[in-house]
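So the structure is just underneath, and the comments pick up after that.
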Amino acid sequence: MMSLKQFWTKKTLVGLGLGQFLSLLITSTGFSSSELSNRGINAPTSQSFLNYALLTVVYGSVMLYKRQALKDRLLNSTKFTSCAVVKAYQYTSITSVMLLDCWSIPSVMLLTFIFLKTKYRFRKRAGVIVCVAGLVMVIFSDVHAGDRSGGRDARKGDLLVIAGATLYAISNVSEEFLVKNANRVELMSFLGLFGAIISAIQISIIEHNELKSIHWTAGAAFPFFGFSLAMFLFYSFVPVLLKMSGSTMLNLSLLTSDMWAVIIRIFAYHEKVDWMYFLAFAAVAVGLVIYSGGDKEEDQHQCIAGVGDEDAGRSKYFDEEADFDNINRGAIAGSSKTGDTSKHDCITSGERSETIENKNIGKEVQGKKS
């Protein structure tokens, strides 16, 4: 039975805290985008470009300063993920988008199990189920509040959401693999570089007229640059959580972003929400604790298993050495026994020849006497 001290480990607390920090960053980007939209500014690619430029400048400078070798490349599928999910809102309801977006969680678990050999015990699977159940409560709360719009092509919208969630899972698992097997600074540098190049191409084709028409004021600049700063921090700390707790923990932590948004609306804008939101938030929080708790004990089990395998290997090695020594001793004993036998045979044959010679001498002496 796991004690409370073993459950609330430092790794568990840091993972939970970092996950909610990332979730709040995502919530802040949502509010920034909403504020820009209210001001008539619609330039999401330009906002992303500034984020990627910051990643390139900051982490690229560190990489060049340390003169690190170029080892890995990151296939960035996040852009295609965002396009697919945003496009899905045009065809299906927000309820369907939120529900099907949960597909990223089982996709991440399946991909990490296949490619990263991650093993999920019963407690972690139970934590995932509780988290998803909490999100389903949010969806039912929206339905209860009157969100029943179906969209013009629900099937097409649902397929786009599933495709986006799958690509997001591939992106997370790929980044987790690179974070655990490569350098984080190099990863962020190339992510920023290629992201900035792709964003610049999109801006030149799609958003150049939109940027020219923006009337820059303090009210417009603050959410614009705030969005980019929040995304820069998000991209910077995501690899830390991926290396510490994995892709599944990241996706589960981000489930609370919508609920943080609801809490901010309640206290900042005095809006009223359905009571199921609070129940859903509690369910997701409990699921996160269940999933991330007791990591130290699992690490100890893995360490003990590794030590056991090492001891087994050592005992097998020593057994083989002992068998080899016994064989050598047997061979030496056999050769010694053979040497003793031959020596005995030589002595016996010598005694026989001496006896025959003495008999012949005795016969010669008797012949002379006679």
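General observations
- FRET efficiency estimate (nearest 0.05) - Cβ-Cβ, Asn209 to Leu64, R0 41 angstrom: 0.70
- As a ratio to 2.2 N^0.38 Å, the alpha-carbon radius of gyration computed for the range 114-261 takes the value 1.30.
- Using θ = phi - 60° in the Karplus curve 6.51 cos²θ - 1.76 cosθ + 1.60, the 3J(HN,Hα) couplings for the range 54-59 round to 4, 4, 5, 5, 5, 6 Hz; x is entered for Gly and Pro.
- Checked against a 24 Å cut-off, the cross-linked pairs Lys124/Lys272; Lys11/Lys119; Lys10/Lys124; Lys124/Lys243; Lys10/Lys66 give Cα-Cα distances beyond that limit for Lys124/Lys272; Lys10/Lys66.
- Sorting the Cα pairs of the range 194-264 by distance into bins of 10 Å, from 0 upward, gives 15, 30, 33, 20, 2 percent per bin.
- The range 180-275, accessible area per residue, ligands and nucleic acids excluded (1.4 Å, Å²): 51
- 3J(HN,Hα) from dihedral phi, the range 191-197, Karplus parametrisation 6.51/-1.76/1.60, rounded to Hz, x for glycine, proline: 4, x, 5, 5, x, 5, 5
- Rounded if a/c under 1.5, otherwise prolate or oblate - the range 184-234, Cα gyration tensor axes: oblate
- Two-decimal Rg to Rh for the range 232-298 - Kirkwood Rh, Cα set: 1.06
The values are calculated or read from the model by the stated rules, or taken from the named source; none is laboratory data. The structure displayed is predicted, hence computed values, not measured ones. Cβ: placed from backbone, ideal geometry, glycine included. Neighbour counts: every protein chain shown. Ligands, DNA and RNA are stripped out before the accessible areas are found, and what is left, the full protein with its side chains, is counted by its heavy atoms. Shrake-Rupley method; radii C 1.70, N 1.55, O 1.52, S 1.80 Å.
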